[in-house]
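Chemist: Encoded as structure tokens, here's the structure I'll be asking about.
The values are calculated or read from the model by the stated rules, or taken from the named source; none is laboratory data. Because the structure is predicted, anything quoted here is derived from the model rather than measured. Backbone-built Cβ (ideal geometry, glycine too); neighbour counts: all protein chains shown. The protein model used for the area step is the full one, side chains on, heavy atoms only, and it has no ligands, DNA or RNA in it. Shrake-Rupley method; radii C 1.70, N 1.55, O 1.52, S 1.80 Å.
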Amino acid sequence: MKSAVIVFPGSNCDRDMQVALREVTGKEPQMVWHGDSQMPNVDLIAIPGGFSYGDYLRCGAMAANSPIMKEIVKQANEGVAVLGVCNGFQVLTECGLLPGALMRNASLRFVCKDVHLTVENNTTAFTSNYQQNEPILVSVAHGDGNFFAEPETLNKIEGDGQVAFRYCNADGELVARANPNGSVNAIAGIFNEQRNVLGMMPHPERHSDKAIGGTDGGRLFESLMGALS
Amino acid sequence: MTTYHPEITAEIVAEHGLSVEEYKLACEIMDRAPNLLELGIFSVMWSEHCSYKSSKKWLKTLPTEGPQVIQGPGENAGVVDIGDGDAVIFKIESHNHPSFIEPYQGAATGVGGILRDVFTMGARPIANLNALRFGDPDHPKTRHLLSGVVAGIGGYGNCVGVPTVGGETNFDPAYNGNILVNAMNVGVAKTDKIFYSAAGGIGNSVVYVGSKTGRDGIHGATMASAEFDDASEAKRPTVQVGDPFTEKLLIEACLEIMSGDSIVAIQDMGAAGLCSSSFEMASKGGTGVELDLSTVPCRETGMTPYEMMLSESQERMLMVLKPGREAEAQAIFEKWELDFAVVGTITDTGRMVLKFEGETVGDLPIDPLALASPEYDRPWHEIEMPAAVSIEPDGNVKALDVLKSMMGSPDLASRRWIWEQYDSTVMADTMQKSGGDAAVVRVHGTDKALAMTTDCTPRYCYAHPETGGAQAVAEAYRNLIASGAKPLAATNNLNFGNPEKPEIMGQIVGCVKGIGAACEALDMPIVSGNVSLYNETDGKAILPTPVIGGIGLMKDSAAMCRIGHKEEGLDLVVLGSCTGHLQQSLFAKQVLSNQEGQPPTIDLEKEEATGRLVLSLIENEMVEACHDISDGGLIVSVTEMAMAHGIGAELNIAESELGQLFGEDQARYVLATNDSESILLAAEIAEVEATIIGKTKGDALTLTSGASISLSELSAAHEAWMPGFMEAPVSREA
Amino acid sequence: MMKARVFVTLKPAVLDPQGKAIQNALNGLGFDEAQSVRQGKVIDIELSGDDNSAVQSSVTEMCEKLLANTVIEDYRIEIL
């Protein structure tokens, strides 16, 4: 599996994504600077977390309008797998590849902690190494992760099985306390209709090493490796 | 030379914080009266903040050397060898006064400043820590200050993508008018890629990079060296605003240019910005410097040379480049969308010459000004060890009730509300974050890890500064040991009141003596640091607060130890001896409102021997969990160990043995182990007292005679206080 | 040279936690008359050109493309 990690000014999880992809795929991902107009031919495009353009104006808004994103949208529409994590998820909603929006956390505070997610759909390239409804442990670190969609859009996301992950407790139960940011229906990550684009607030790349927190996140990359190699 | 020079009156001299004698000396050095720009330069270079004039005499007594030390105090940060061609670069610095005036920006720019001190030297920053002190929780400003400071630290650190992994937060009414915000940063570099600030190469270009210059924080450095009064809240406009996004770009751009060989010297523009950075670079290099201020990138129009030299706009650096390398450097900074300007040249005149629009607007001799930088031997009173007092609670004290209220008190309650606002896991190398003894961060791409901690117990320092100073180092040492790291070196942040008062100067002298002795005995040289004086409001000083930031190395991070035990049936062993010392303890403070008497004795030999033993036990994998004993005594340590995984303990200590439970005797650790026999044997050989005090068991803490309290009850109390305090409805208080 | 001012606010149906927090704070301070608070942002733009309608349409495009996220936000433009 060949992969690329997009680097915007202010990206700060690009190295973490690079390391996780390298460990799982055994190949060095290509680091693509936002100013490059050429996208290399890859099987997976990863948009990492961080504070692209300082999160000024709105999180992800300016990155969504950068030249490289035009090329990424085009490739996504042709079926290339795209993963957006945290700020990357915000970029994907801002550029229209994913529905909805990510608003300020309900607590109004940045939140960094380990959370559990239920796997809502394990039939995709991103999630095939998980059990359906399995609770997995990863971490969140964001100030604007409160997923919102208009009722009509939300119904469609829910009805089509576009929800990838929801926040839950260690037993996999959807309890209010487990939702770290107030996201509607406890949504932590969603797919596009074709299931080749995934945006998620939690960081699978920070849980890809057993010395550091665990390996539940790494299984997402292993799923991709299985599907895209 | 007329345009910018109003007549220098006694008033203007006083406004610049110079004494009459200092001004006289300035005139002698100049051989004439300085103009306003030059006076401004004297004022910042001779301010307490830049010159350490009150503390220098005593700072010189600290141990700063050792085979592990690559660079001690005097550079932007200290550098210590961690083997395999790697070095750790670190420093702690205060941003106390700005944070009181504008908590969000004050704390944020504090984090930004300390980051720059570290990456200026060639290191990639890998961890932030912070030591915070606030006033009484009931004081009307405390909540506002705390929430602003925490948001500022998070706002900056989270955005630059450096994890905030540890620190400490305490409350005491002595900080009502002067909070303390001490930020520490730790970075890692290659030993052959360390960058220094001494200018060199006559004719080389002096280059300005980063953000544009505005009128931020003009006179911040002199403000940070003046006592507060009611009027200082009106000084708000001088507080700088941080831009962590630009800082992130600056980090990446600097590390990119540093991977080549075009830099001769580099220095961040911290307090007193362009003035002190250019002055210090030339002074250290024994050169002169000429700057053309017309070329300085400015954010606002009509800025005067005075404003440009003294501005404290953030996210800026000054570099000296090798000849002909300007274009290469410019391309890198432009890629990162940062300003780049050649603003001057290195000269052989030994003078700082400032030009603006073709005119010479300032001309000062560098060495005489630096050498004549005042150094005071301020009068001080020796602070004697107070008389012992007897701490005698009445017979009705129920130890476990006290424990529960202690765990939920502002002194000991969980700081989760704070540290969950900090991104602690970005960079994916954080092995242990806040909530344990030391934070542990892996050295990227290796099996090594660095342990780090900040420590100080101000009530001990107030009772007897020398003991308190030594205790701060000893506690840092223990926290590093308990995580499985070998203590390597330390940085210090000395926070005190007005040094012109002999009793405050006595606190400084006492604490420094204690720190020096402990650093010597525990082989933790001080390699960097910062002094913050005049932390007084209306004549009332803070508690003496010499914060120690300790760094330790774990060669094999797989051997790392945590505070929480994960199974039942382990023996709990205490290493170190207990006399039941309750004077100056949290127990005495909280239960008896007694803050008198002597702090616990620091026996440095014992401290070193016990630490060495514990480390060898951890390295030999004989320890399942380890925690040092500090605030609140043994029972608090065991509670924290038990709460980590919800597995309780049965202790063979009676509820009436308050000294055993709550005494704060030093040089002690609690170990959970399934091999207590070997540990007792090893302790005997090392001549360290060792006692089995109980077993891990169940989901409660139980004492002999059956007194018991469930962990869920303790955890609930422990976790409840801070969210309840911070999220209570806003009322007219603010 | 012309100046435009853009007001960006959350759509009425979207929960505004910051506005809610401000309202709580105001009520806590005794301003019981503060019944609802919504927070937004103001963006001032200086533009070349002097044709009012051209400026209006160019700022509208800026809003649609970047300044507002029309999934959650409304915008209003004033030409100054």
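Chemist: So which of B:Ala654, B:Ala686, B:Ala667, B:Ala642 ends up being over 26 Å from the mean Cα position of the chain (by Cα), crowded, with 18+ Cβ neighbours inside 10 Å and not hydroxyl-bearing (Ser, Thr, Tyr)? Show your work before the answer.
Modeler: Values: B:Ala654 fails: crowded, with 18+ Cβ neighbours inside 10 Å; B:Ala686 fails: crowded, with 18+ Cβ neighbours inside 10 Å; B:Ala667 fails: over 26 Å from the mean Cα position of the chain (by Cα).
The unique qualifying residue is B:Ala642.
Chemist: Only one of these is within 14 Å of another protein chain (Cβ to nearest Cβ) and more than 17 Å from A:Leu92 (Cβ to Cβ): A:Asp209, A:Asp171. Name it.
Modeler: Working: A:Asp171 fails: within 14 Å of another protein chain (Cβ to nearest Cβ).
None of the others qualify; the one that does is A:Asp209.
Chemist: Follow-up. Return yes when A:Asn185 is open to solvent by 20 Å² or more (accessible area, probe 1.4 Å) and outside any loop (DSSP other than H, G, I, E, B) and no when it is not. Show your work before the answer.
Modeler: Working: open to solvent by 20 Å² or more (accessible area, probe 1.4 Å): yes; outside any loop (DSSP other than H, G, I, E, B): yes.
Criteria met by A:Asn185.
Chemist: Any idea how many residues of the stretch C:1-20 are among the small types (Gly, Ala, Ser) and crowded, with 16+ Cβ neighbours inside 10 Å? Give the derivation first.
Modeler: From the stretch C:1-20, those among the small types (Gly, Ala, Ser) are C:4, C:13, C:19; that's our starting set.
Checking the rest, the ones that are also crowded, with 16+ Cβ neighbours inside 10 Å come to C:4, C:19.
Number of matching residues: 2.
Chemist: Can you confirm whether C:Asp50 is in contact (Cβ under 8 Å) with a residue 24 or more places away in the chain, among the acidic types (Asp, Glu) and open to solvent by 80 Å² or more (accessible area, probe 1.4 Å)? Before the answer, list the steps.
Modeler: Values: in contact (Cβ under 8 Å) with a residue 24 or more places away in the chain: yes; among the acidic types (Asp, Glu): yes; open to solvent by 80 Å² or more (accessible area, probe 1.4 Å): yes.
Judged against the criteria, C:Asp50 is a match.
Chemist: Applying the selection to the stretch A:77-105, what residues are more than 9 Å from every other protein chain (Cβ to nearest Cβ) and in contact with an Asp or Glu (Cβ under 8 Å, 6 or more places away or on another chain)?
Modeler: A:Val80, A:Ala81, A:Val85, A:Asn87, A:Gln90, A:Leu102 - these are the residues of the stretch A:77-105 that are more than 9 Å from every other protein chain (Cβ to nearest Cβ) and in contact with an Asp or Glu (Cβ under 8 Å, 6 or more places away or on another chain).
Chemist: Follow-up question, since we're still on this one. Quick one: in the stretch A:106-133, of everything that is within 14 Å of chain B (Cβ to nearest Cβ) and more than 17 Å from the chain's Cα centre (by Cα), which residue is farthest from B:Asp423 (Cα to Cα)?
Modeler: In the first step, residues of the stretch A:106-133 are kept if they are within 14 Å of chain B (Cβ to nearest Cβ); the result is A:106-115.
Still in the running and more than 17 Å from the chain's Cα centre (by Cα): A:106-110.
Numbers: A:Ala106: 18, A:Ser107: 16, A:Leu108: 15, A:Arg109: 12, A:Phe110: 8 Å.
Among them, the one singled out is A:Ala106.
Chemist: If you don't mind, another one. Answer yes or no: is there a residue in the stretch A:2-25 that is open to solvent by 10 Å² or more (accessible area, probe 1.4 Å), in contact with a Phe, Trp or Tyr (Cβ under 9 Å, 6 or more places away or on another chain), away from chain B (no Cβ under 12 Å) and hydrophobic (A, V, I, L, M, F, W, C).
Modeler: yes
Chemist: Just for helices (runs of 4 or more DSSP H) wholly inside the stretch B:262-342: which have at least 1 residues that are farther than 25 Å from B:Leu249 by Cα?
Modeler: Qualifying helices (runs of 4 or more DSSP H): B:273-285, B:305-310.
Chemist: Select the helices (runs of 4 or more DSSP H) contained entirely in the stretch B:383-498, then report the ones holding at least 3 residues which are within 14 Å of chain A (Cβ to nearest Cβ) and open to solvent by 10 Å² or more (accessible area, probe 1.4 Å).
Modeler: Values: elements: B:399-407, B:416-419, B:458-463, B:465-482.
Result: B:416-419.
Each row is one residue, and each column tells you yes or no for (1) among the charged types (D, E, K, R); (2) crowded, with 24+ Cβ neighbours inside 10 Å.
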{"residue": "A:Asn179", "(1), (2)": "no, no"}
{"residue": "A:Ile190", "(1), (2)": "no, yes"}
{"residue": "A:Glu193", "(1), (2)": "yes, no"}
{"residue": "A:Pro202", "(1), (2)": "no, yes"}
{"residue": "A:Ser208", "(1), (2)": "no, yes"}
{"residue": "A:Ala211", "(1), (2)": "no, no"}
{"residue": "A:Leu220", "(1), (2)": "no, yes"}
{"residue": "A:Leu224", "(1), (2)": "no, yes"}
{"residue": "A:Leu228", "(1), (2)": "no, no"}
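Chemist: I'm checking my understanding of the structure. Among residues of the stretch C:30-47 that are open to solvent by less than 60 Å² (accessible area, probe 1.4 Å), out of contact with any Gly (no Cβ under 9 Å at 6 or more places or on another chain) and not in a strand (DSSP E or B), which one is modelled with the lowest pLDDT?
Modeler: Restricting to residues being open to solvent by less than 60 Å² (accessible area, probe 1.4 Å), out of contact with any Gly (no Cβ under 9 Å at 6 or more places or on another chain) and not in a strand (DSSP E or B), the top hit is C:Gly30.
Chemist: Listed residues A:Val163, A:Val184; which is within 12 Å of another protein chain (Cβ to nearest Cβ), touching a helix residue (DSSP H, G or I) at 6+ places or on another chain (Cβ under 9 Å), of a type in the set (Val, Ile, Thr) and closer than 24 Å to A:Pro99 by Cα?
Modeler: Details: A:Val163 fails: within 12 Å of another protein chain (Cβ to nearest Cβ).
On inspection, the qualifying residue turns out to be A:Val184.
Chemist: Going by the structure shown, is C:Ser53 more than 14 Å from chain B (Cβ to nearest Cβ), of a type in the set (Ser, Thr, Tyr) and closer than 23 Å to A:Ala63 by Cα? Step through it out loud before you land on a result.
Modeler: Working: more than 14 Å from chain B (Cβ to nearest Cβ): yes; of a type in the set (Ser, Thr, Tyr): yes; closer than 23 Å to A:Ala63 by Cα: no.
No: the conditions fail for C:Ser53.
Chemist: Output the number of residues of the stretch B:289-302 satisfying the condition of being in contact with a strand residue (DSSP E or B) (Cβ under 7 Å, 6 or more places away or on another chain) and surrounded by fewer than 22 Cβ atoms within 10 Å (Cβ to Cβ).
Modeler: The initial filter retains those residues of the stretch B:289-302 that are in contact with a strand residue (DSSP E or B) (Cβ under 7 Å, 6 or more places away or on another chain), namely B:289-299.
Those left that are additionally surrounded by fewer than 22 Cβ atoms within 10 Å (Cβ to Cβ): B:290, B:292, B:294-295, B:297-299.
Residues that pass the stated criteria total 7.
Chemist: Which count do you get for residues in the stretch B:346-362 that are crowded, with 18+ Cβ neighbours inside 10 Å and not aliphatic (A, V, I, L, M)?
Modeler: Matching residues across the stretch B:346-362 total 5.
Chemist: Quick check on B:His627: is it surrounded by fewer than 18 Cβ atoms within 10 Å (Cβ to Cβ) and not polar (S, T, N, Q)? Walk me through how you get there before you give the answer.
Modeler: On the way: surrounded by fewer than 18 Cβ atoms within 10 Å (Cβ to Cβ): no; not polar (S, T, N, Q): yes.
The answer is no for B:His627.
Chemist: Taking the condition of being surrounded by fewer than 24 Cβ atoms within 10 Å (Cβ to Cβ) and either of a type in the set (Gly, Ala, Ser) or within 14 Å of chain B (Cβ to nearest Cβ) (or both), how many residues in the stretch A:33-52 meet it?
Modeler: Within the stretch A:33-52, the first condition is being surrounded by fewer than 24 Cβ atoms within 10 Å (Cβ to Cβ), and the residues that meet it are A:33-43.
Still in the list and also either of a type in the set (Gly, Ala, Ser) or within 14 Å of chain B (Cβ to nearest Cβ) (or both): A:33-37.
Residues flagged as surrounded by fewer than 24 Cβ atoms within 10 Å (Cβ to Cβ) and either of a type in the set (Gly, Ala, Ser) or within 14 Å of chain B (Cβ to nearest Cβ) (or both) within the stretch A:33-52 amount to 5.
Chemist: Now, a different point. Just the residues that are closer than 20 Å to B:Thr601 by Cβ and either among the basic types (Lys, Arg) or touching a helix residue (DSSP H, G or I) at 6+ places or on another chain (Cβ under 7 Å) (or both), please, taken from the stretch B:653-682.
Modeler: Across the stretch B:653-682, the qualifying residues are B:Leu658, B:Gln660, B:Leu661, B:Phe662, B:Gln666, B:Ala667, B:Arg668, B:Tyr669, B:Val670.
Chemist: Do any residues in the stretch C:25-43 that are within 11 Å of chain B (Cβ to nearest Cβ) have Cβ atoms under 7 Å from those of residues that are open to solvent by 60 Å² or more (accessible area, probe 1.4 Å), where the two are at least six apart or on different chains, and which pairs are they?
Modeler: Listed pairs, sorted by first residue: C:Ala25/B:Val730; C:Gly28/B:Pro729; C:Gly28/B:Val730; C:Leu29/B:Arg732; C:Gly30/B:Arg732.
Chemist: Right, something else. Of the residues A:Leu98, A:Leu92, A:Leu83, which single one is part of a loop (DSSP other than H, G, I, E, B) and surrounded by 21 or more Cβ atoms within 10 Å (Cβ to Cβ)? Spell out how you get there, then give the answer.
Modeler: Values: A:Leu92 fails: part of a loop (DSSP other than H, G, I, E, B); A:Leu83 fails: part of a loop (DSSP other than H, G, I, E, B).
Result: A:Leu98 is the single residue among A:Leu98, A:Leu92, A:Leu83 that is part of a loop (DSSP other than H, G, I, E, B) and surrounded by 21 or more Cβ atoms within 10 Å (Cβ to Cβ).
Chemist: Still on this model: Right, A:Pro135: in contact with a Cys (Cβ under 6 Å, 6 or more places away or on another chain) and open to solvent by 30 Å² or more (accessible area, probe 1.4 Å) or not? Explain how you work it out, then say what you get.
Modeler: Working: in contact with a Cys (Cβ under 6 Å, 6 or more places away or on another chain): yes; open to solvent by 30 Å² or more (accessible area, probe 1.4 Å): yes.
Criteria met by A:Pro135.
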